[in-house]
Amino acid sequence: MPGGRLFLLKINPMERELFVSVDDYISGLFIPQDGVLTAATNSIKEAGIGDMSISPVQGSFLQLLVKLTRSAKILELGTFAGYSTIWLARGLPEQGRLITMEFNPVHADMAEKNIRRAGLDEKVDIRVGKAIELLPELAKESVGPFDLIFIDADKPPYAEYFEWALKLSRSGTLIIFDNVIRDGKVLDPNSTDAAVIGVQRLNKVLAADQRVTATIMTTVGLKDYDGMAIAIVK
Ligand code: DHB
Ligand code: MG
């Protein structure tokens, strides 16, 4: 492929329409209208900020993984407005707990309201601050090991987050990373985009690390072309 063009490839409008329609088709079949989730999405629109939440179908997929693994302790890095938090926490059993970390206090405040509206405030503990500073504190607390860890925070330190996730894991823990394909930009070895470089580094580390069995599932739909890395601790 000649110089760089491959990495600038964008889904064209007609393809995008198809992918979004298929996403809506799946949602229409499997995801009932839900006032709590709609309110969380509306809180983002009302705040006038870009929505970097996972899609409804991705939420249903993550919840399925929570149930598949019978997770009772979940750790999430990157709460944003709590949309993914709600999907994950709703998959927990009665006594299940979720700790979620958010750097931006405005986002954490939105999440707190959305999680309370969902009736999940007893199950969910929002910690405000930089994950890279909160994780060592968490490791000292003996709340782990976690059964499932969802990493969706800032991308440059993804490989460091992976190391912390391992420290907070047991054999069988599922570790999931959002946004590891980034419209295919991960193919560009000369990328200067800090987020791309962060996930490229993570993907390499994950592939080489003998402590986990891992792969990447690509996704296309409402959230354009991306992927989630999924690792299980040996
Ligand atoms: C961004 C972050 C995300 O976690 C995501 O799913 C999409 C976009 C971002 O930082 O732009
Ligand atoms: Mg994300």
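Derivation of every value follows stated rules applied to the coordinates shown; laboratory data play no part. Because the structure is a prediction, the values reported are computed rather than measured. Counting neighbours? That spans all protein chains shown, and the Cβs are built from the backbone with ideal geometry, glycine included.
Within the range 57-74, the presence of at least one residue that is free of Cβ contacts under 8 Å to residues at least 40 places away in the same chain and buried (at least 20 other Cβ atoms within 10 Å of the Cβ) is confirmed. Of everything listed in (1) of a type outside the set (D, E, K, R); (2) surrounded by 15 or more Cβ atoms within 10 Å (Cβ to Cβ); (3) out of contact with any Gly (no Cβ under 8 Å at 6 or more places or on another chain), the single unmet condition for Thr219 is (3).
Give me the residue from the range 205-226 that is acidic (Asp, Glu) and within 14 Å of ligand 1 (Cβ to nearest atom) and, out of that set, farthest from the chain's Cα centre (by Cα). Lay out the reasoning, then the answer.
Going residue by residue through the range 205-226, those that are acidic (Asp, Glu) are 209, 224, 226.
Of the ones still in play, those that are also within 14 Å of ligand 1 (Cβ to nearest atom) are 224, 226.
Details: Asp224: 15, Asp226: 12 Å.
Among residues in the range 205-226 that are acidic (Asp, Glu) and within 14 Å of ligand 1 (Cβ to nearest atom), the one farthest from the chain's Cα centre (by Cα) is Asp224.
If only residues of the range 175-203 that are assigned to a strand (DSSP E or B) and out of contact with any Ser or Thr (no Cβ under 8 Å at 6 or more places or on another chain) are counted, the one that is nearest to Leu68 (Cα to Cα) is Ile176. Is it the case that Leu62 is away from ligand 1 (no atom under 12 Å from the Cβ), aliphatic (A, V, I, L, M) and under 12 Å from the mean Cα position of the chain (by Cα)? Yes, satisfied.
Scanning the range 137-146 for residues that are among the charged types (D, E, K, R) and assigned to a loop (DSSP other than H, G, I, E, B) yields a count of 1. Counting only residues that are in contact with a strand residue (DSSP E or B) (Cβ under 8 Å, 6 or more places away or on another chain) and farther than 23 Å from Ser171 by Cβ, the range 190-219 holds 3 of them. If you go through the range 29-63 and keep only what is under 17 Å from Asp224 (Cβ atoms) and not β-branched (Val, Ile, Thr), you end up with Gly50, Asp51, Met52, Ser53, Ser55, Pro56, Gln58, Gly59, Phe61.
Considering each of Leu92, Leu134 in turn, give the residue that is aliphatic (A, V, I, L, M), part of a loop (DSSP other than H, G, I, E, B), within 22 Å of Leu168 (Cβ to Cβ) and away from ligand 2 (no atom under 14 Å from the Cβ). Can you show your working first?
Numbers: Leu134 fails: part of a loop (DSSP other than H, G, I, E, B).
Exactly one of Leu92, Leu134 is aliphatic (A, V, I, L, M), part of a loop (DSSP other than H, G, I, E, B), within 22 Å of Leu168 (Cβ to Cβ) and away from ligand 2 (no atom under 14 Å from the Cβ), namely Leu92.
The residues in the range 31-59 that are of a type in the set (Val, Ile, Thr), more than 13 Å from the chain's Cα centre (by Cα) and either assigned to a helix (DSSP H, G or I) or within 16 Å of ligand 1 (Cβ to nearest atom) (or both) can be counted, and the count is 5.
Among the residues of the range 147-174, write down those that are within 15 Å of ligand 2 (Cβ to nearest atom) and not in a loop (DSSP other than H, G, I, E, B). Don't jump to the end; show me each part of the working.
We begin by selecting, within the range 147-174, every residue within 15 Å of ligand 2 (Cβ to nearest atom); these are 149-158, 161.
Passing the criteria: Ile149, Phe150, Ile151, Tyr158, Tyr161.
Is at least one residue of the range 76-83 under 16 Å from Thr173 (Cα atoms) and either buried (at least 16 other Cβ atoms within 10 Å of the Cβ) or over 16 Å from the mean Cα position of the chain (by Cα) (or both)? Scanning the range 76-83, I find at least one residue that is under 16 Å from Thr173 (Cα atoms) and either buried (at least 16 other Cβ atoms within 10 Å of the Cβ) or over 16 Å from the mean Cα position of the chain (by Cα) (or both), so the answer is yes. With respect to the conditions (1) within 15 Å of ligand 1 (Cβ to nearest atom); (2) part of a helix (DSSP H, G or I); (3) under 24 Å from Leu68 (Cα atoms); (4) not hydroxyl-bearing (Ser, Thr, Tyr), Ala229 lacks only one, and its number is (2).
Per-residue answers, yes or no, for (1) surrounded by fewer than 16 Cβ atoms within 10 Å (Cβ to Cβ); (2) in contact with an Asp or Glu (Cβ under 9 Å, 6 or more places away or on another chain):
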| position | (1), (2) |
| --- | --- |
| Glu160 | no, no |
| Ala165 | no, no |
| Ser171 | yes, no |
| Asn179 | no, yes |
| Thr192 | yes, no |
| Gly198 | no, yes |
| Lys223 | no, yes |
| Asp226 | no, yes |
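Selection within the range 163-194: residues that are more than 15 Å from Met228 (Cβ to Cβ) and hydrophobic (A, V, I, L, M, F, W, C). The member of this set that is nearest to ligand 1 (Cβ to nearest atom) is Ala194.
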